[in-house]
Amino acid sequence: MTETHALPPSEAPEVLPYDPFDPAFHADPYKVYEKLRSEQGQVIRTAAGVAVLGYKEISDLMRDPRFGRGDGAGVQDTLIPTDEGLARAFMFMDPPDHTRIRSLVNKVFTPRTVERVRPQAEKFAADLLAKLRAEHGSGEVDLAAQYFRPLGAYVLNVLVGVPEKYLERSIGFANDAGRGLDPEYTLSPAELATRMEAREGFVEISIELIETRRKKPVDDLMSELVAVEQDGEKLSETELLTTAANIFLAGFSAPQAMMGLSTLGLLRHREQLDWFRANPDKVANSVEELMRYDSAVQLANRTVLESADIAGVPVEPGDEVFLLLGAANRDESFYPNAATLDLTRVPSRNLVFGHGIHFCVAAPIARLLTQVGLNALTAYDVELVTETPRTNGALAIRSLAELPVTLGEVK
């Protein structure tokens with residue numbers, strides 16, 4: 001299918017330092033990043049502001065209060081439809097509103113809360129793979145559609161408390177929202193409409209869940225969000241709704257992307273796959289390296305709130321800052337041999353989940369899902385059908401549109 005973008009590539013604004021429509025970029029963005037870094041440095045001016053590639057520069061910037069969300073295009077692309085109009089989720093707010101809401105959400109959304117669903121996730125993953133093996137034998141299986149998406153939807157639905165009747169709809173909404181953080185100018189009118197329909201769908205599910213849990217709370221994340229209180233503060237109706245909807249939007253898209261890219265990384269590096277299988281106790285560290293090596297979250301935005309400079313490049317209030325997280329996670333000045341996948345690498349904080357006050361609230365879900373998904377899958381003899389599976393064409397959350405493999409016997 002041929003896509004018609006809102007603006008032809010030749011007329012697109014010079015926002016990013018690379019061509020966001022270039023198929024070669026989507027196939028391997030890291031070659032483009034290294035060329036940019038070697039020719040123009042770690043901070044590059046664009047018509048809309050600056051793009052930052054360096055690990056230290058991005059890490060410092062994410063902790064600097066002079067850079068925030070502001071009211072730029074990066075925020076406008078993320079608004080969620082409510083009865084009060086388009087509204088921000090808390091992760092796209094600045095202090096003090098962000099601080100207040102985040103402190104409430106942090107009381108609910110803890111690693112321990114997420115860990116409670118690990119046994120169910122492990123069973124679902126094992127059962128799903130066994131079913132795929134029984135149905136397809138040694139034939140081709142698309143892990144993206146038949147494994148990562150159902151697993152991600154199931155685990156998030158169990159965690160939050162979504163009725164099973166919404167499982168298939170959730171998978172569809174997640175696919176439609178897969179380019180949810182991409183700049184508007186990179187999407188066609190049809191893609192923009194589909195993205196908004198997905199957000200409306202998650203809002204509809206959230207409204208029903210909130211009303212149900214308010215009447216009859218149970219032991220799930222949504223009940224805790226409805227009830228959470230601190231120092232007399234509670235989430236308003238709009239804050240509760242946008243938080244719930246954003247948990248769906250973030251919790252579906254990014255973890256599925258991370259499972260796919262991490263699996264592809266292992267299957268392309270058989271010696272690393274062998275090490276992974278031989279060291280199941282190191283799965284947490286292995287997943288961090290896999291996420292660093294091929295980052296699902298490639299692009300994030302900040303707006304300059306006060307005059308500052310980034311590595312000597314001056315910026316002024318209102319300037320947009322484009323954080324190339326995939327480039328930072330391959331920065332040789334921070335990661336020796338950054339282009340090499342090395343599961344024995346001493347772990348250090350990668351930037352796929354961000355840093356500072358806007359660190360991704362859904363990070364525990366993504367980590368658990370990737371660990372569970374890889375552990376269950378690598379119990380089988382898995383072979384790639386193609387070394388170059390198609391991506392979804394997204395700029396912010398890079399994901400595989402497909403991952404065809406053959407599933408052999410249990411190892």
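The values are calculated or read from the model by the stated rules, or taken from the named source; none is laboratory data. For clarity, every value in this text was computed on a predicted model and none was experimentally measured. Cβ atoms come from the backbone with ideal geometry, glycine included; neighbour counts cover every protein chain shown.
Select from region 139-193 the residues that are polar (S, T, N, Q) and in a helix (DSSP H, G or I) and list them in ascending order.
Once the filter is applied, which keeps residues that are polar (S, T, N, Q) and in a helix (DSSP H, G or I), region 139-193 yields Gln146, Asn157, Ser170, Asn175, Thr186.
Give region 1-51 a look and list any residue that's at pLDDT below 75, small (Gly, Ala, Ser) and surrounded by 12 or more Cβ atoms within 10 Å (Cβ to Cβ), or say none.
Of everything in region 1-51, those that are at pLDDT below 75, small (Gly, Ala, Ser) and surrounded by 12 or more Cβ atoms within 10 Å (Cβ to Cβ) turn out to be Ala6, Ala12.
Take the conditions closer than 21 Å to Ala174 by Cα and either buried (at least 24 other Cβ atoms within 10 Å of the Cβ) or over 15 Å from the mean Cα position of the chain (by Cα) (or both) and apply them to Leu209. Does it pass?
It is true that Leu209 is closer than 21 Å to Ala174 by Cα and either buried (at least 24 other Cβ atoms within 10 Å of the Cβ) or over 15 Å from the mean Cα position of the chain (by Cα) (or both).
Scan region 105-117 and tell me whether some residue there is hydroxyl-bearing (Ser, Thr, Tyr) and farther than 21 Å from Asp309 by Cβ.
Scanning region 105-117 turns up at least one residue that is hydroxyl-bearing (Ser, Thr, Tyr) and farther than 21 Å from Asp309 by Cβ.
Yes or no, residue by residue, for (1) out of contact with any strand residue (DSSP E or B) (no Cβ under 8 Å at 6 or more places or on another chain); (2) within 13 Å of Leu400 (Cβ to Cβ); (3) surrounded by 24 or more Cβ atoms within 10 Å (Cβ to Cβ):
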position	(1), (2), (3)
Ile247	yes, no, yes
Gln256	yes, yes, yes
Met259	yes, yes, yes
Leu267	no, yes, no
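Test Tyr147 against the criterion of being hydroxyl-bearing (Ser, Thr, Tyr), surrounded by fewer than 21 Cβ atoms within 10 Å (Cβ to Cβ) and either modelled with pLDDT under 85 or under 16 Å from Ala254 (Cα atoms) (or both), and give yes or no.
In short, no.
Consider Ser399 against the criteria (1) surrounded by fewer than 20 Cβ atoms within 10 Å (Cβ to Cβ); (2) among the polar types (S, T, N, Q); (3) within 28 Å of Ala126 (Cβ to Cβ): it satisfies all of them except one. Which criterion is unmet?
(1)
Run Glu197 past the list (1) in contact with a helix residue (DSSP H, G or I) (Cβ under 8 Å, 6 or more places away or on another chain); (2) surrounded by fewer than 18 Cβ atoms within 10 Å (Cβ to Cβ); (3) in contact (Cβ under 8 Å) with a residue 12 or more places away in the chain; (4) under 24 Å from Val372 (Cβ atoms) and report the number of the one that doesn't hold.
It fails just one condition, (4).
Considering only region 175-195, state which residues are in contact with a strand residue (DSSP E or B) (Cβ under 7 Å, 6 or more places away or on another chain) and aliphatic (A, V, I, L, M).
Leu181
Tell me, which residue of region 286-306 that is under 24 Å from Gly68 (Cα atoms) and of a type in the set (S, T, N, Q) is surrounded by the most Cβ atoms within 10 Å (Cβ to Cβ)?
Only one residue tops the list, namely Ser295.
Which of the residues belonging to region 330-343 are more than 10 Å from Tyr30 (Cα to Cα), touching a residue at least 60 places away in the same chain (Cβ under 8 Å) and not charged (D, E, K, R)?
Ser333, Phe334, Tyr335, Leu341, Leu343
Mind listing whichever residues of region 151-165 are touching a Phe, Trp or Tyr at 6+ places or on another chain (Cβ under 9 Å) and either among the aromatic types (Phe, Trp, Tyr) or surrounded by 20 or more Cβ atoms within 10 Å (Cβ to Cβ) (or both)?
Leu151, Gly152, Ala153, Tyr154, Val155, Leu156, Asn157, Val160, Val162
So, in region 342-359, exactly how many residues are surrounded by fewer than 20 Cβ atoms within 10 Å (Cβ to Cβ) and of a type in the set (A, V, I, L, M)?
Qualifying residue count, region 342-359: 2.
Across region 353-369, what is the total count of residues that are at positive phi and either assigned to a helix (DSSP H, G or I) or modelled with pLDDT under 90 (or both)? So that I can check it myself, show each step before the final result.
In the first step, residues of region 353-369 are kept if they are at positive phi; the result is 354, 356.
With either assigned to a helix (DSSP H, G or I) or modelled with pLDDT under 90 (or both) added as a condition, the list becomes 356.
Number satisfying all stated conditions: 1.
On the basis of being at pLDDT 95 or above, small (Gly, Ala, Ser) and under 22 Å from the mean Cα position of the chain (by Cα), does Ala379 make the cut? Before you say what the answer is, go through the steps one by one.
Working: at pLDDT 95 or above: yes; small (Gly, Ala, Ser): yes; under 22 Å from the mean Cα position of the chain (by Cα): no.
Answer is no for this residue.
Test Val382 against the stated conditions and say whether it is buried (at least 23 other Cβ atoms within 10 Å of the Cβ) and either assigned to a strand (DSSP E or B) or charged (D, E, K, R) (or both). I'd like the intermediate steps shown before the answer.
Working: buried (at least 23 other Cβ atoms within 10 Å of the Cβ): no; either assigned to a strand (DSSP E or B) or charged (D, E, K, R) (or both): yes.
So Val382 does not fit the description; no.
Since Glu332 meets every condition but one in (1) surrounded by fewer than 16 Cβ atoms within 10 Å (Cβ to Cβ); (2) in contact with a helix residue (DSSP H, G or I) (Cβ under 7 Å, 6 or more places away or on another chain), which condition does it not meet?
(2)
Hey, any hits in region 304-326 for a residue that's of a type in the set (Phe, Trp, Tyr), out of contact with any strand residue (DSSP E or B) (no Cβ under 8 Å at 6 or more places or on another chain) and within 21 Å of Pro95 (Cα to Cα)?
Among the residues of region 304-326, not one is of a type in the set (Phe, Trp, Tyr), out of contact with any strand residue (DSSP E or B) (no Cβ under 8 Å at 6 or more places or on another chain) and within 21 Å of Pro95 (Cα to Cα), which makes the answer no.
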